[in-house]
Each structure stands twice: as C-alpha cells, then as structure tokens.
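The values are calculated or read from the model by the stated rules, or taken from the named source; none is laboratory data. Nothing here was measured: the structure is a model prediction, and the numbers come from that model. Cβ coordinates were reconstructed from backbone atoms using ideal geometry, including for glycine residues, and neighbour counts include every protein chain displayed. Note: accessible area is taken over every heavy atom of the protein model, side chains too, but ligands, DNA and RNA are not part of it. Shrake-Rupley method; radii C 1.70, N 1.55, O 1.52, S 1.80 Å.
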Amino acid sequence: MAALFRPEVQALPREQIRALQEERLRALIARVFDQPIPFFKRLLEGAGIGPDDVKTLDDLRRVPRITKQDLRDSEEQHPPLGDYRGAPVSACVRLSTSTGTTGRPTISLFTPRDLAVEYDAACRSFARQGYSPGDVVTHAHPAGLNGGAALLGGAIEAFGALNVPVGPPASKADAQRAIAIWRELRPNRYEMFGPALHTFWETAKEMGLDPASDLGMSPPADMPPWRTISAGLECFAFLGSACSGFVGSHVCEDAAIVEAIDPVTGDAVADGERGHLVVTALSKDNFLLRYDLEDLVRLDHTPCACGETHLRAFWDGRAKDVVVAGERRLLPIDVWVALREIEEVSRPAAEYQLVRTADTSSIRVRVEAPEPSSALEARLHGLLEERLGVPVRLELLASGALPRPAYKPMPVVDE
Ligand SMILES: [Zn+2]
C-alpha cells in the first residue's frame, strides 16, 4: 500500500476535517466582504446573506452556485480579468486560459500560494499512485496559453521527479519526436488522457516499435476508470485521485468543500447517486465559492481501507454529455465500462462514440474493432443492451474510423 504524502492531514478524523473546513470557510466569507471581492459580495448580498451568516457547511448551502458562464460574464463586463478574483493581478505569478472546449476560454490566475496548494494536492496524488522522487514522468498536456502542461510540469518538479513535457500529438511528426526521446529516456510514468496515449501507441507501432517493451508504455485499456477528479484550472485542478484500490478519488477536503448537488432542486444527493460536482476552494488566494462544474459525480463518505479519511468521488462525465435513452440518462463512461469486458474492442484502447439523435427510445453507439465481424457485433450488442438496460443501435467500425482528438476525449456527437 502506498504511503500517504501528508498523513497528518490525509488521515485527519472526519470531525476535525469538518472543523477545519468551517474555520477556512468563515475566513473566506470575511474576505468577500472586507477585501471586498465585488462578484462574490453581490452574489451573497443578492441571496440575502451577510458577513456573519455563513459559519457552517449547512449555511454554505444557502450560497447560490456559480458556473463557468458566470466567470465568462464577469470577464466580459469587467475586462480583462473580471471582478471575481481573490488576489490582485500584481500578486499573481502565472496566467493561463482554459481549453475552451465548452465556449470562450476563461482566464486563470495563480499566486505563489495558489500554485503551492495545487502542487501539494498533486504530490498527494503521485504518492497515492506509487510514484517516487527520481521517477521520469512524461505528459502530453497542451502548453502556451493553456495552463495544463505548466501546472502538471510544476507539480512533477515539486515532487522531485523529472518533468518531460512533450505536448499533445497534434501531428505525426510531433508524436514521432516524442517517441524518439522516450526511447532514450524510458519514462516510468505516462500521464496523459486516453486519446493522446492511444495516438502515441499507434504511432510507435507504425515506427516498428513495441510500445510496451521499447518505451515502457501501458495501453490505455489498462487505465482504470475513476483515476482522478479535477475542478478545472480555474478552481482546483488536482482536486483528487484514486488510491491503490481504485475505489473512487480521495479529494483534498482540507483544501476544498466538495458537494454533489441535484441541479434542479439544489439539494445534496445521497451517496452513490449522480449529482453536479460543486466545489469551494478553501485555501487559495484566488478561490471560488460553490463552483458548479456541470460535471456529474457520485460521492462516497464511507471509510477507505487505505487509511485516508477524505471522501471519495467518482467523476462520471460532463452533464452536457448525458444521452437520454428510454428511462435512462447515460454517459460515455457507462459505455466504456461495458466495452472493457470485451478484449477485442477495448485493447489497446476502446475507441467509441455515442450519437445523440431525435430518437430517444434507444441509444446509438459506434465502436471500433481491429477485426470487425458479425459474431463480435452480436456479442457486443448483447452485452451493451444488458449493461446499459436500453435498446442499442450498434455500429461496429474498422480501426481508425473515429476521430482521434489530440487531448481530451470527445465521445458524444449530435446528429
Ligand atoms: Zn483510499
């Protein structure tokens, strides 16, 4: 079992976690009014909340949730940075933008303390996954205005491992350059999303290499589901990760309050049910209150065998990727978890797509197979209908038929 990176915090009794959260929450609310932070002051006053009204986690429920659109609106109305920042720009040392996969990118700012909070959370994550200082860690997150590569790279350096950033495989030449250096360096950790890893895997094979023995890569199929959970660069990138049991991601509860909320009623959902991930960052200079990621998560407050006392969260996907079929609200991960049961479509990587159509009586799924056959199609069709609990219209496609995004998966298309 991997050791905890910060046992005095990560194994804190739950009542002490709560006390620490409430102490930090009270300090945040005081800053909103005293500093003041105009965006959040308006938000609280608009809900009839004064400086002394939020003292406990229950009181926090009265604070309206905010979304990325609220941050965009604030940046547009008070250009360029908006009026929601907890720290003046003169105190910040890094700027980055979001990927813009869901609209106009927002700007993220970090003070040295904000970076320290992220790096500490990332180091907990590396330790949970058995990394050691001295490891060679390579990653393919985008750089430039997008802050992914800088933040992950900084965290790897803070942990004492060697940071090898190669950037997303946007072209064959990019992928080949990265593979050439990996051949020399033999990284022992590959930190990247499934689509990027699959592109590198396929390119290495085209180059006549065995990605496992020549580069030390593991196929995307070996990545367990629910490995990590993030609240974005704008709130808390390294929110949590799974321990060795892969039974949900422990979130850093000393540094964030994490809720799963029914988006319609605004009430907390029960453990195990899907709700919107809502995060309050507690220890950053640039903090956000009740930030609704519009992602779907399930929480688990039960004790974990690893000894970490902080709650576990299962990140199931984006709310916008829900596909309604019959009585069910399905997400790409529901399909992926089923595909993993059939080796012919899941190794080295499952490539699939959910197609949202006007017909919501069934779900349309496209799946790649290296060797499609009618026997495989029948077996896969039966499995998907059983696991998803709805009629499935399956299209089995040859390898390479579906697009390969360079960075994050985009598994739902509208038609
Ligand atoms: Zn655990």
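General remarks:
- Exclusive hit being among the aliphatic types (A, V, I, L, M), open to solvent by 40 Å² or more (accessible area, probe 1.4 Å) and modelled with pLDDT under 95, set Ala91, Ala19, Ala3, Ala11: Ala3
- Hits in the stretch 335-385 (condition: farther than 15 Å from Glu415 by Cα and in a strand (DSSP E or B)): Tyr352, Val367, Glu368, Ala369
- Lone qualifier among Ala11, Ala30, Ala47, Ala19 - being among the small types (Gly, Ala, Ser) and farther than 22 Å from Glu259 by Cβ: Ala11
For every residue, the table says whether it meets (1) part of a helix (DSSP H, G or I); (2) open to solvent by less than 10 Å² (accessible area, probe 1.4 Å).
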| residue | (1), (2) |
| --- | --- |
| Ser96 | no, yes |
| Thr99 | no, no |
| Pro105 | no, no |
| Arg113 | yes, no |
| Ala116 | yes, no |
| Tyr119 | yes, no |
| Cys123 | yes, yes |
| Ser132 | no, no |
| Val137 | no, yes |
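- Only one of Ala256, Ala268 that is under 16 Å from the mean Cα position of the chain (by Cα) and at pLDDT 95 or above: Ala256
- Test for Thr309: is it under 30 Å from Lys41 (Cα atoms) and more than 18 Å from the chain's Cα centre (by Cα): no
- Residues within the stretch 238-252 that are buried (at least 21 other Cβ atoms within 10 Å of the Cβ) and either in a loop (DSSP other than H, G, I, E, B) or more than 16 Å from the ligand (Cβ to nearest atom) (or both), tallied: 5
- Residues of the stretch 284-292 include none that is within 16 Å of the ligand (Cβ to nearest atom) and either more than 20 Å from the chain's Cα centre (by Cα) or not charged (D, E, K, R) (or both).
- Of the criteria (1) open to solvent by 20 Å² or more (accessible area, probe 1.4 Å); (2) over 29 Å from Ser96 (Cα atoms); (3) away from the ligand (no atom under 16 Å from the Cβ); (4) touching a strand residue (DSSP E or B) at 6+ places or on another chain (Cβ under 9 Å), which one Leu330 fails: (1)
- Figure legend. Inter-residue proximity from the stretch 33-60: first residues aromatic (Phe, Trp, Tyr), second residues part of a helix (DSSP H, G or I), beta-carbon distance below 7 Å, spacing 6+ or different chains. Indicated pairs: Phe33/Lys41; Phe39/Ser74; Phe40/Val32.
- Enumeration of residues in the stretch 177-195 that are open to solvent by less than 70 Å² (accessible area, probe 1.4 Å), part of a helix (DSSP H, G or I) and touching a helix residue (DSSP H, G or I) at 6+ places or on another chain (Cβ under 9 Å): Ala178, Ile179, Trp182, Gly194, Pro195
- Some residue of the stretch 140-149 being part of a helix (DSSP H, G or I), closer than 24 Å to Asp254 by Cα and touching a His at 6+ places or on another chain (Cβ under 8 Å): yes
- Selection of first residues in the stretch 295-321 that are open to solvent by 30 Å² or more (accessible area, probe 1.4 Å) and of second residues that are assigned to a loop (DSSP other than H, G, I, E, B) and more than 16 Å from the ligand (Cβ to nearest atom), restricted to Cβ pairs under 6 Å at least 6 apart or on distinct chains, gives the following pairs, ordered by first then second residue: Arg298/Gly272; Arg298/Arg274.
- Looking only at the stretch 157-176, and only at residues there that are among the aliphatic types (A, V, I, L, M), touching a residue at least 24 places away in the same chain (Cβ under 8 Å) and part of a helix (DSSP H, G or I), the one that is farthest from Ile229 (Cα to Cα): Ala175
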